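Below: the structure, in structure tokens.
Derivation of every value follows stated rules applied to the coordinates shown; laboratory data play no part. These numbers were taken from a predicted model, which means no experiment stands behind them. Note that we place each Cβ from the backbone using ideal geometry, even for glycine, and neighbour counts take in every protein chain shown.
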Amino acid sequence: MTSCRTLSLLLVLLLAACEIEYPPKRNGDTSTDTATTPVTRTRGPAGPGQAATPLGAEEEEKELSDAQVEAGRLDDSWKRTVKMDAAPRNATRMDTTLSESWADISAERVNTGPMKLPLGGDVAGPSVLRAQILLDRAAFSPGVIDGRWGKNTEKAIYWMQKREGLKATGQVDSTTFARLHELAGAPGQPVAPHTLSEEDVAGPSKKIPEDIYEKAKMDRLYYETLSEKLGELFHATPELLAHLNPEATLDSLAAGDTLYVPALRSDQEKASGQVARLLISDGGHFLHALDAQDRILYHFPSTLGSTYDPSPEGSYEVESITVDPWWHYQPSILAGVDDSEEEAQIPPGPNNAVGKVWMALTKEHYGIHGTSAPSTIGYATSAGCVRLTNWDALFLARRIDAGTPVVFKDTGGA
């Protein structure tokens, strides 16, 4: 998605904006394009009225810098919302002296090297990458896979431990690693070779203009580069993919080329159990899909509202689910934008401010949606909506229906 260094106005709007609508008709067109008609499942009358509305924007344009993302990665305030267990004193450790760095990451090291345990804190390297891939496969999402430990990874470990009845420390010890490996399907190669298909490399790739009205002129907000598309396809940062494949030039790859990539969860697989409700923790910044017994089926790190634009509290329902949503830009309800500016319809695509899917809630103006900036998930704030990575949002959308209960709680408890 759009680089953190060039987010500027797009990120501000992403943090604030939530409205989606059907594609606008132009030049008297009254036809329905089935490729872009967004509503996939709806309870009750369907139509643009089920879209949501932006709640406001930051008062001035700003970029979310790498330093701000890094600060968010290491922030541990979420721990105030949960009860952390003390690490077992005599936990069996596979390796207590192994020193690793991000530069040590390679397919061979991740697949066959020793696992540094216990694992946690401000660390990076092959062991962190292996843990993140296993978490993704177990549907306890770490967000974007990057080989760096952070609160998204720590939260996923914590909630996996809670569900499995293990000591909930947020660290990976030998017992946690063994159970996580089992939940992930015991992959022989967490990093595996993948031969790119025509679909994997299909374009076009187009530079996305910063001006909102120039965006409105586009037929779709495409990936800007092939590396951006591959990053989303494999739930990873392009930086990590490039590091795993030092001989490859990601933006010049073609069908038939082979890359080493994270061996991800199958999007077709489902947990044993039906999603009964969604729990969204404002304090913990995560979303849980729970079964009828309140057992966690899926965990996703989330970006939620700030004190400026808080997320709601209380119980609601999913009203409708929209794939490839359009976004209605409305200056009159955006802080810091001149009300006299014209409204605009922003086309769908992975660089749309609400990402690839929109799950409208019965709370007016609110929804669960994707993002054009996956590396910021869990490390920034929104204007009250619930933002996930595009792949987590789509994964969730395929497992719920209109009418699914949604509960917001300012707590880390499930």
Surrounding charge for A255, neighbours by C-beta under 9 angstrom, Lys/Arg +1, Asp/Glu -1, total -4
Taking a ≥ b ≥ c as the square roots of the eigenvalues of the Cα gyration tensor, with a/c under 1.5 meaning rounded and otherwise prolate when a/b exceeds b/c and oblate if not, the stretch 145-245 is prolate
Relative contact order in percent for the stretch 119-264 (Cα pairs under 8 Å, 6+ apart) equals 25
Once the in-chain neighbours fewer than 8 apart are removed, the lysines whose Cα is under 22 Å from K151 read K79, K83, K116, K162, K167, K409
Two pseudo-spin positions, 7 Å from Cα along C-beta at R398 and at T258, lie apart in nanometres by 2.6
The local net charge around P190, scoring Lys/Arg +1 and Asp/Glu -1 for residues other than P190 whose Cβ lies under 11 Å from its Cβ, equals +2
With a ≥ b ≥ c from the Cα gyration tensor eigenvalues, square-rooted, and the rule rounded for a/c under 1.5, otherwise prolate when a/b > b/c and oblate otherwise, the stretch 186-285 is oblate
Toy charge model, Lys and Arg Cβ at +1, Asp and Glu Cβ at -1: the stretch 116-222 dipole around Cα centroid in debye, rounded to 20, equals 380
Sequence order, the stretch 141-156: Karplus ³J(HN,Hα) from phi using 6.51 cos²θ - 1.76 cosθ + 1.60, θ = phi - 60°, Hz rounded, Gly and Pro as x, gives 5, x, x, 6, 7, 9, x, 10, 5, x, 5, 5, 5, 4, 5, 4
Shape call for the stretch 227-273, from the Cα gyration tensor axes a ≥ b ≥ c (a/c under 1.5 means rounded, otherwise prolate when a/b beats b/c, else oblate), comes out prolate
Summed over the other residues with a beta carbon less than 12 angstrom from that of F234, with K and R at +1 and D and E at -1, the charge totals -3
Per the rule of 0.36 nm per residue minus the C-alpha distance, extending D251 to A86 adds in nm 54.8 nm
